[in-house]
1. Starting from 0.36 nm per residue, how many nanometres of slack lie between Ser475 and Arg500 once their C-alpha separation is accounted for?
2. Using the charge dipole of the chain (Lys, Arg: +1 at Cβ; Asp, Glu: -1 at Cβ; taken about the Cα centre), state which of Pro679, Thr380, His884 has its Cα farthest towards the positive end.
3. What percentage of all Cα-Cα pairs in region 489-607 are separated by more than 21 Å?
4. Could you list the residues of region 596-638 with an amide nitrogen less than 15 Å from a label point located 7 Å from the Cα of Gln649 in the Cα-to-C-beta direction?
5. Hey, got the dipole for the chain? About the Cα centre, +1 on K and R Cβ, -1 on D and E Cβ, debye to the nearest 20?
6. Report the local net charge at Arg86: Lys and Arg +1, Asp and Glu -1, summed over other residues whose C-beta lies under 12 Å from its C-beta.
7. From the phi angles alone, apply the Karplus equation (6.51, -1.76, 1.60; θ = phi - 60°) to region 327-333 and give each ³J(HN,Hα) in whole Hz, x where the residue is Gly or Pro.
8. Residue by residue, what Karplus-based ³J(HN,Hα) values in Hz, rounded to whole numbers, does region 272-282 have, using 6.51, -1.76 and 1.60 with θ = phi - 60° and x for Gly and Pro?
Amino acid sequence: MEMTREDGYEDLPPPPPILSPSVIPERLEAPVLTPEKLEAPDVKPEKLEAPDVKPEKQYVPNRIPMSRPGVGRDGNRIPLLANHFRVAVNVPDATFYQYTVSITSEDKRAVESKGIGRKLMDNLCQTYCSELGRKHLAYDGEKSLFTVGPLPQNKFEFKVVLEESSVKRNGSPGSGSPSEIECKRSKRSAAYQAAQTFKVEISFATKIPMRSISLALKGSDAEGTGDALRVLDIILRQQAAERGCLLVRQSFFHGDVRNFVDIGGGVTGVRGFHSSFRTTQSGLTLNMDVSTTMTLTPGPVLQFLLTNQNARDPRQIDWGKAKRMLKNMRIKTKHNNMDFKIIGLSEKPCKELVFPMKVRNEDGADEGQTVEVTVYDYFTKHRKLELTTSAYMPCVDVGRPKKPNYIPLELCSLVPLQRYTKSLSTMQRSSLVEKSRQKPLERIKTLTDSINNNRYDADPSLSACGVSIEKELISLEGRVLGAPALKVGNNVDCIPNNGRWNYNRQTLYEPVQIQRWALVNFSARCNTSQISRDLIDCARNKGINMERPYSLIEEDNQSRRLPPISRVEAMFEQIKQKLPGPPEFLLCALAERKNSDVYGPWKKKCLSEAGIVTQCICPMKVNDQYLTNVLLKINTKLGGKNSLLAVEQIPRIPLISETPTMILGMDVSHGSPGQSDIPSIAAVVGSRCWPLISRYRASVRTQSPKVEMIDSLYKVLPNGEDDGIMRELLVDFYQTSNGRKPSQIIIFRDGVSESQFNQVLNVELEQIIKAITHLGETKLPKFTLIVAQKNHHTKLFKAGGRPENVPPGTVVDTKVVHPRNYDFYMCAHNGAIGTSRPAHYNVLLDEIGFSPDDLQKLVHSLSYVYQRSTTAVSIVAPICYAHHAASQMGQFIKFEDFSDSSSGIGGNLTSASSVPVPELPRLHQNVRSSMFFC
C-alpha cells in the first residue's frame, strides 16, 4: 500500500459515507466486515477526493441527552431495596419565591462571611417576624433565601444587631496586645457597646413553581426542575443548620461524639448524612446516604500539633509547618472563653515576645506611663495564670496583619467541627476506610433512624408546599447478569465465580519472555536476592520465562540523603555501569507503598527519558498472591495478555466484532485540596488491536487547574498540525487494527456531574469530530457516549430478612433511574466489605444503536478485562486505566517546582484560562504504546 503521509491514516479505505447530521438528515449503515476483508489489507483502495466546497457557516452543535429507548430483560430477577424514600407532593401548584440577600456592615462594606449570614438571618427572623408575614425563610447561607408564597413586600431593608461574641466567632477577632483587648472589654458596659450593627437588604428575584417537578416526573424536559429541587434541598440544609450541624454541600454533620472516629494526625472523621431530592421513575424521592467528612480533632492546640507531626515533645515540633497548618483555624481561649481565628504564629517565643503596656494604678486608672512587658509575664503576673509549657514556644497570633494579638499556645483549644481540607496520608485514608465502613444492615438502620429522628414532616416550609416523606426504603426489582467466560493459558476456559477468578494451576493467556532485566533497591530493609528468586519461580508457574536478573543494584548510603531526583540519577549511573545495555524491564523496590518521594522522578526517568518499562514494589509482605499480582502488571506492560474474554477470542461481540470499533476511557485528575496551582491531568485511553476490547494505549496532557472539561482532544499547532490526544489514539488504532479506521467510537467519560452532560456532548465530542476531520475524513464514525459516575449516593441492598450486598452483575434500570434520560446502575464487582456502591452509567448518545441488553452486557464485560487483578472492577476498565494514566503521569510534575515554566516559557495556554500551564514530558517512543499505566 502506498502511503503519502508518515502515518498513512488518510490513505486508508474510508468508512461508509456517514455525514454529520448538519449535512444530511440520515446516516447510512456501515457494511459488515467479513474475516476475508480483515485478512486482505493489501488491496489498494481508491482514494476518494473531498469535493472542493466553499466553507459554510460554522456548525454549532446543540445535542441533548437521549431518552430511554427501553429496559433490559436479560438476567435473573432479584428483589432489592434502594436508599431512596418516596416523597409525596400534596400542593403541586405551590410556588417558591426567591429573594436576593445583601448584607453590609456599619462602614458600608459587603459582608461575605457565611457564618455571620446565618446568624444574622436567625436574628432577623426573630426580630422582624411580623414584617415578614410570619413566613418561614429557607436561607442558603449566602445570597439567596426562599419562601413558599410571597413576602408582604418585594423589597425590605432591616438593621440587625449581633453581639460581639457572635461576630468574633466568624469575623475578624480583636486586635492589639493582650492588655489592650482585656482593658477594652473591662470598659464596655454590657451588650450595647459589645455589639455590631448590620444592614440586611432583601429584594425579590424570581418565582420557582413546584409544577416543574410534576412535569419532569412525566418525562418532560421541564425548565426550572433543577431550581425547584435545589430549593427543597436548601430547606433540608436550613433545618440541619438550625440544629447546629456542619454543612458541606448537600451533607450535614452533627457534633455528637458518637459520630467521631479518630484517624490519626489530629484528624477526626465525622459521620453525617447526604440528602438530595431526585426525580425518578417512582416519582419524587429523597436520596439519603451516610456521608463522612474530615475535621480537626477538637482540644488543646498543642496536643493537636504533637499528634499532627507525630512528635513526642514540643521541642520536636516543626514550627514552620505548624504555622502553615494552624492558619485560619478557629480557637477558643481558656482565660476568657472567646473565639478567635488564627492568622499565624509569633517569630519569637512567649518569654521573649514584648509589647507596650500602659501602667495603671490600683483603681485601674491610667498613670500615663508605658512599659515593655513580655507576653509570658503579662499572663503569669498580671493575669495570674499558670503557664507550664508556653515560655519557649511561639504564641498564637489572632490579631490583624499590622496589629497582632498574641496568646500563649496552652491557653488555646480548637473548636469542634472545623473541616480539614488537606489531602490525607495513606495511613489516614486506610484508617478512615476501616473505621467508617458499614455493613448493609447497619447502614439501612442508620438511614431509617435519621429519617425518623429528623422529623421532616414538622418543617413549616415543607408543610407549606405539601411535601411529606415516607420512612421506608423504596423496593424495586433488579437483574443479575451472568459473568462472561474468560480464556487463560493453553486456551483453558475460566468462569469467574462471584466476580472473582484465579491463576492457581493456570498460566497466563499470552505470557511474555523476560531476558534482560534488573532489580534496583531504594529500600534498605529489602532482601533483593530472595525477592528475585521468588519472582522467577512464580513467573515460571504462570508461563512467563523469566531469566535471572543481570544485576541486583542497591542504593548506597550517601545517595539516600540526596533529594529524590538526585537519588534517581545516581541509581541510573549505577545501572549504566553494571548492565551491558538497556534492559527490557526494571523492577524497583521502594520503602513506602504510595507516598514515596522517589516514585515520581523514577517513573519520569524510566518512561520519558530512558524508555524502559518499570514496575515498582513495596515488599513488606511477599507471598504468592502478591507476586502473582506484580506479574500480572509486568506481563501486561511488556505486551502480554493475562486473560481474554471468550467473546473477544471468537470474536463475537454484538455490533463491535463486525465493525471496526474504538473504545475510549476519559478522565481528569485534579490536584489535592488546597493545591490551586497544580495543573489538572487529562488522560484518555483508546482501544487498539481491534477486534480486541482489552488492549489500550494512553495519551495524557496537562490543563488548567480544577478544569474538568478536556481541552486537548483536538489541539492545532501554529504550523497547522493537530497535536491533540485523539489524533495520537486514532493513528495508533489504525496501525494496530490491520489497517482499519474506526467506523464506531464508544466513549466512556468519568468524573462529570449531570450539569456538565451538555458540555461533554457539545464541546468534548465536537473536539473529537474535529480531530477526525483534520485527518482528512469527510465521513464520521457513529458515536455512543456514556458518562460513568462513582461519586453518587444511591446504594442497593438485597431485600429480605437480612439485607446484604447485591451480587456481582446486578443491574437496575427501573424505579430509581431518571424519568426521561437513559441511565442504569450496575454493580459488577463483589462487595466483600462495607456496602457496595454501584456505578451509575448515563447514556447521552447512542448512534450505534445498542439494545439495552447488549449495552449492559458490554459494560459488564468491560468490567472483566482489567488486567491488573483477578476480580471484576466496579467501573469499566477503560475508565480505570485513564485514571491510572492520569495519576501516574501526574507524578512527573508532583515533585518539581514549575513556577519557571508557568511564566510563559514552554507553557501550554489552555482555552479555559489565560495562565500558561506547564506541559508534561512526552513518553519515550519505546514505551509510548505500552500499557505502562497497569
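Just so you know, all these numbers are worked out from the coordinates, no wet-lab data involved. Since this is a predicted model, take the numbers as computed values, not measurements. Glycine also receives a Cβ, built like all others from the backbone with ideal geometry; neighbour counts cover every protein chain displayed.
1. Numbers: separation 25, 0.36 × 25 = 9.00 nm, distance 2.83 nm.
Between Ser475 and Arg500, full extension yields an extra 6.2 nm.
2. Thr380
3. On the way: 3410 of 7021 pairs.
In whole percent, the share of Cα-Cα pairs in region 489-607 beyond 21 Å is 49.
4. In region 596-638, the label zone of Gln649 (backbone N under 15 Å from the point 7 Å along Cα→Cβ) covers no residue.
5. Details: 119 positive and 101 negative charges, 511 e Å.
The dipole magnitude comes to about 2460 debye.
6. Working: positive: Arg278, Lys471, Lys815; negative: Glu470, Glu472.
Result for the neighbourhood of Arg86: +1.
7. These are the phi-based 3J(HN,Hα) values: 4, 6, 6, 9, 10, 10, 8 Hz.
8. Per residue, the Karplus-derived 3J(HN,Hα) values read x, 9, 9, 9, 7, 7, 10, 8, 9, 5, 7 Hz.
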